[in-house]
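To start, the structure under review is shown below, and the notes come after it.
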Ligand SMILES: [Ca+2]
Ligand SMILES: [Ca+2]
């Protein structure tokens, strides 16, 4: 229905080194769906004359391709639902291109990350480690406080205070010791 020789493509891949470029040794993603909208004769997206092309699906080589395109404004978008949910996009997920007659645009590439590159040694993210450290600190302080309170209670009454009194040179010095703030680390 449209006359044209323009082309838009072409790679959906796992950007292992994160440089935004589909390098030869990086895995390609098959079965990814790419949509293409032509802005129509008015050149404006979102108006009545827009045309949505049939979806292109990548093959085993990770390539998609829209052929026979008339000149004009296009928007190619990767359908995220068609890609393994464990992969996260690391490039744009939509590209706007304006084709002159016969233009071939093959930089409509969509890169993904497996998400395992961020912390390869532990697999734990730093935010979680900070939270664990904070919880341990709070727990430690609470235990210390409870320990101190229990110690004071024990020594403030019953046999403990008598025992303390006998162990120290005199009851008076024991009391003075306590009034100064009790045992210190
Ligand atoms: Ca790369
Ligand atoms: Ca339009």
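Using Cα centres only, tell me the gap between the range 44-79 and the range 139-156 in whole Å.
After rounding, the separation between the Cα centres reads 70 Å.
So, R0 is 30 Å and r is the distance between the beta-carbons of residue 51 and residue 30; what FRET efficiency does that work out to, to 0.05? Display every interim value, and only then the final one.
Working: r = 27 Å, r/R0 = 0.89.
Efficiency, from the Cβ-Cβ distance: 0.65.
If the chain between residue 152 and residue 100 were fully stretched, how many nm would it gain, using 0.36 nm times the residue separation less the Cα-Cα distance?
Contour length minus the Cα-Cα distance gives 10.1 nm.
Given 0.36 nm per residue, what is the gain on full extension from residue 127 to residue 141 after removing their alpha carbon distance, in nm? Present the calculation step by step, with values, prior to reporting the outcome.
Values: separation 14, 0.36 × 14 = 5.04 nm, distance 2.14 nm.
The span from residue 127 to residue 141 would gain 2.9 nm if fully extended.
Read-outs: derived from the displayed coordinates by stated rules, not from any lab. Model, not experiment: these values are computed from the prediction. Note: ideal-geometry Cβ built from the backbone for every residue, glycine included; neighbour counts use all protein chains shown.
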